[in-house]
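Worksheet for the structure shown next.
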Amino acid sequence: MTTPSTTDLYREYVMPTYGRFDLSLERGEGTRVWDEAGKEYLDFGAGIAVCSLGHSHPKLAKAISEQAAKLVHTSNLYLTRPQAELAKMIVDLVGLGGKAFFCNSGAEANEGLYKLARKFGSPSGRYEIITFTNSFHGRTLGGISATGQEKVKTGFAPLVEGFVHVPFNDLSAVEAAITPKTVTILLEPVQGEGGINPSTPEFLKGVRALCDKHDLLLMFDEVQCGFGRTGDWCAWRTIASSGVEPDAVSWAKGIANGFPLGALWAGSRNSGPDANGSDRGPLSDLLGPGTHGTTYGGNPLASTAGLTVLRAIGEEGLLENARNLGAYLLMKLEAMNLPAIRSLRGVGLMVGIELNDLDTGGEVGPPAIRITKELMKTGLLVIPSGERTIRLLPPLNITKAEADEALMILKNVLSGV
């Protein structure tokens, strides 16, 4: 009897929710992965900005193994030391006081933000959240309603009400969209799924000023751009080093190197009075018992993974590495001056390559998908974004030699189309 291939098993038993590439990966080490046939690839996708430390990092493997042998899960009815320590680490990294909540994914972290915003605005009847075109906030009903891309909404009406989309980096459009119903402005300091679109310092500072003027919350979705990806712990500080302090932030992806973990932080600003005029205390305490929760979020194993990853990023100098090698990749790509490249965008190790119309030997499909496939054939994994952009999102600990290897592959492939 013939053993079915991995591709056959997927086709037969796994829901077709992804446009998957026909590549079955078996193992990884550092910045490299191998498929089932033994072919080696340089991984510049890192699980879509997830594997901050690359694959099979020895510190993480050891920490997960040791914690799994002690305690994996208890539920959030009890206290565990790893969750407490991880919360303290995140609050310290943000440096603005407040508290953290843990869940399992970026979509869940963003759901926490929506609920926090609604709770904050409930006494005055405010509930609308301003988000931005080309944004991405997850695949839940709340997430697709918040996302400023129509393609993710098709077929899922009626959507969750209360989200208003305006053009990104357009401060006048934000101001025009504010009404008596507005409670929050939510944005990605660097849009990831939208094609690596950084906000401008002026925009972030202007949005903060508008929030102060109208008593709104400013919330950042740093699911893809946070915790070192841009070269800082907090991506908004890469964009605007001063003058911008958010009220709440969501994270996931790179926080635990592939172990499912999401987090949100809320600051200590006062939440104002409730419907009866009583003070509700700080924003970080607004979601009290019974208002929000999670079964698995922040369990000892997940929290240990998060602690280990964040400590390694600091101990191994990976913030500086992300800044330096991100700038190096952009400089080298610009110097190539390839006709295939329409534009380049990037912050740290978030690099977007927007492509022109290309001839790839008669193969059909959007340029981003065709080039991703061509690069895969030559041993480089990248992440497509939309129809024209490919993303370079390598581990934060890549070396200059690995960056040069990827650049050579990119040059050879893009020069030939």
| note | Condition set β-branched (Val, Ile, Thr) and in contact with a strand residue (DSSP E or B) (Cβ under 7 Å, 6 or more places away or on another chain), scope segment 240-273, selection surrounded by the fewest Cβ atoms within 10 Å (Cβ to Cβ): answer is VAL249
| request: Any residue in segment 391-414 that's within 22 Å of ARG311 (Cα to Cα) and without any contact (Cβ under 8 Å) to a residue 60 or more places away in the chain: show its pairings with residues that are part of a helix (DSSP H, G or I) and of a type in the set (Phe, Trp, Tyr) at Cβ separation under 9 Å, as long as the two are six or more apart or on different chains. | output: none
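How about segment 144-244: which helices (runs of 4 or more DSSP H) wholly inside it have at least 3 residues that are over 19 Å from the mean Cα position of the chain (by Cα)? So that I can check it myself, show each step before the final result.
Details: elements: 171-177, 201-214, 235-239.
Result: 171-177, 201-214.
Among the candidates GLY281, GLY352, GLY361, single out the residue that is modelled with pLDDT under 95 and more than 30 Å from ALA61 (Cβ to Cβ). Lay out the reasoning, then the answer.
Details: GLY281 fails: modelled with pLDDT under 95; GLY352 fails: modelled with pLDDT under 95.
Step by step, each of GLY281, GLY352, GLY361 is checked, and only GLY361 is modelled with pLDDT under 95 and more than 30 Å from ALA61 (Cβ to Cβ).
Residues ILE196, ILE178, ILE239: which one is assigned by TED's automatic domain parsing to the domain that holds TYR127, more than 19 Å from ALA322 (Cα to Cα) and among the β-branched types (Val, Ile, Thr)? Give the steps one after another, and end with the answer.
Details: ILE196 fails: more than 19 Å from ALA322 (Cα to Cα); ILE239 fails: more than 19 Å from ALA322 (Cα to Cα).
ILE178 is the lone residue from the list that is assigned by TED's automatic domain parsing to the domain that holds TYR127, more than 19 Å from ALA322 (Cα to Cα) and among the β-branched types (Val, Ile, Thr).
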| said: Checking GLU29 against (1) among the acidic types (Asp, Glu); (2) surrounded by 18 or more Cβ atoms within 10 Å (Cβ to Cβ); (3) within 30 Å of LEU407 (Cβ to Cβ), only one condition comes out false. Which one? | reply: (2)
| said: Is it the case, given these coordinates, that TYR41 is surrounded by 11 or more Cβ atoms within 10 Å (Cβ to Cβ) and in a helix (DSSP H, G or I)? | reply: no
| Selection from segment 295-324 of residues that are assigned by TED's automatic domain parsing to the domain that holds GLY258, in contact with an Asp or Glu (Cβ under 9 Å, 6 or more places away or on another chain) and among the small types (Gly, Ala, Ser) | GLY297, SER303
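Just one of GLY226, GLY206 is under 21 Å from SER385 (Cβ atoms), assigned by TED's automatic domain parsing to the domain that holds MET89 and either touching a residue at least 60 places away in the same chain (Cβ under 8 Å) or not polar (S, T, N, Q) (or both); which is it?
Result of the check over GLY226, GLY206: GLY226.
Return the only residue of GLY326, GLY386, GLY346 being under 26 Å from GLU222 (Cα atoms) and crowded, with 23+ Cβ neighbours inside 10 Å.
Values: GLY386 fails: crowded, with 23+ Cβ neighbours inside 10 Å; GLY346 fails: crowded, with 23+ Cβ neighbours inside 10 Å.
Answer to the check: GLY326.
The values are calculated or read from the model by the stated rules, or taken from the named source; none is laboratory data. All of these numbers come straight from a predicted model, not from anything done at the bench. Cβ: placed from backbone, ideal geometry, glycine included. Neighbour counts: every protein chain shown.
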